[in-house]
1. Taking the stated definitions as given, is Val204 at pLDDT 95 or above, open to solvent by 50 Å² or more (accessible area, probe 1.4 Å), closer than 25 Å to Arg149 by Cβ and assigned to a strand (DSSP E or B)?
2. Looking at (1) more than 27 Å from Phe91 (Cα to Cα); (2) not in a loop (DSSP other than H, G, I, E, B), find the lone condition where Ser153 falls short.
3. Can you tell me which residue is modelled with the highest pLDDT among those in the stretch 24-60 that are charged (D, E, K, R) and under 23 Å from Val98 (Cβ atoms)?
4. With respect to Lys168, is the statement that it is basic (Lys, Arg) and either touching a Pro at 6+ places or on another chain (Cβ under 6 Å) or part of a loop (DSSP other than H, G, I, E, B) (or both) true?
5. Filter the stretch 186-201 down to the residues that are exposed (fewer than 15 other Cβ atoms within 10 Å of the Cβ) and touching a residue at least 40 places away in the same chain (Cβ under 8 Å), then identify the one that is farthest from Ser105 (Cα to Cα).
6. Among all residue pairs at least 6 apart or on different chains, which show Cβ distances below 6 Å where the first residue, located in the stretch 114-133, is farther than 14 Å from Ile150 by Cβ and at pLDDT below 90 and the second is part of a loop (DSSP other than H, G, I, E, B) and open to solvent by less than 30 Å² (accessible area, probe 1.4 Å)?
7. Applying the selection to the stretch 207-235, what residues are loosely packed, with under 11 Cβ neighbours inside 10 Å and over 22 Å from Glu174 (Cβ atoms)?
8. Give the residues of the stretch 158-180 that are closer than 26 Å to Leu101 by Cβ and open to solvent by 80 Å² or more (accessible area, probe 1.4 Å), sorted by residue number.
Amino acid sequence: MKLANFFLSIIIITSINIESEGTIPAKHFACFSNNFDLEMSPNGKYLSIITSPMANECNIEEDLRKYVEDDFRKGKLAIMNLETGSTRTLFDGEDGGVSGLTWLSNERIMFNSNPSRAAGIKSYGLRAMNLDGSKKKTLMEYVSNSGKRINFSVVSLLPDDENNIAIKVNDRRESVYDYYKLNINSGKKVRIANGPDIENEAWVADSVESPDGMPVTVTTNYKDEWRIYAYDDKSKEWSIHFKNTCQTP
């Protein structure tokens, strides 16, 4: 990312020197940069490239009522074979693309679907597929349950488990995340730990997980009181490890 921004800066500086004698065109401060996300496969043979489906040119939207996210989302995904130099496009990004790609193995990738014009919240989710486009699977989706949004996040790739990753999901209570093993091939999830049972008015500020995907601590706030909950892996119970009131040392 930093390397891409560096080259972009060189191009802009060069164009400035060519177009004018010391005057920077205003459009250079308004254009949305067409940046890249690059991730190399574990064996170093492939490179995933995610970028915007738009042309790499300055295109300022005149219609102020238009959502810029409709056109400027990253989404185009290509896989480059570093041995042959050939590139294969898996998603063109026009109707919906990808973001946040992760290599699960040398042959399988996981990514967030990132649609340009989502018909609904289910258009956003966690997907997996092989490099040849086969074995596509929806692992998780953002859904609404009784008007409340269900979110999830990956907490560990479980490097010693080739079939599963660890995630946390707030499908039991809106403010509490429970922990699961998620099969990257079938999408089946198995709960491995519950989150702490906190008051309905409390909110979770942060959490820490171990490399095996199990919870370690969760920090909450309840009526201006900060609490750090600790998880006991043997008893499967949570307890308050520390608490203090806001604005006190």
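The values are calculated or read from the model by the stated rules, or taken from the named source; none is laboratory data. Since the structure is predicted, the reported quantities are computational estimates derived from the model, not experimental observations. Note that we place each Cβ from the backbone using ideal geometry, even for glycine, and neighbour counts take in every protein chain shown. We work out accessible area using only protein heavy atoms, side chains counted, and drop any ligands, DNA or RNA first. Shrake-Rupley method; radii C 1.70, N 1.55, O 1.52, S 1.80 Å.
1. Values: at pLDDT 95 or above: no; open to solvent by 50 Å² or more (accessible area, probe 1.4 Å): yes; closer than 25 Å to Arg149 by Cβ: yes; assigned to a strand (DSSP E or B): yes.
Considered against the rule, which asks whether it is at pLDDT 95 or above, open to solvent by 50 Å² or more (accessible area, probe 1.4 Å), closer than 25 Å to Arg149 by Cβ and assigned to a strand (DSSP E or B), Val204 comes out as no.
2. With (1) more than 27 Å from Phe91 (Cα to Cα); (2) not in a loop (DSSP other than H, G, I, E, B) applied to Ser153, the lone miss is (1).
3. Looking at residues that are charged (D, E, K, R) and under 23 Å from Val98 (Cβ atoms), I get Lys45.
4. no
5. Here the residue is Asp197.
6. Within 6 Å, the pairs are Asn114/Gly75; Pro115/Gly96; Ser116/Gly96; Ser123/Pro115.
7. To start, the set of residues in the stretch 207-235 that are loosely packed, with under 11 Cβ neighbours inside 10 Å comprises 223-224, 232, 234-235.
Those that are loosely packed, with under 11 Cβ neighbours inside 10 Å and over 22 Å from Glu174 (Cβ atoms): Asp232, Lys234, Ser235.
8. Pro159, Asp160, Glu162
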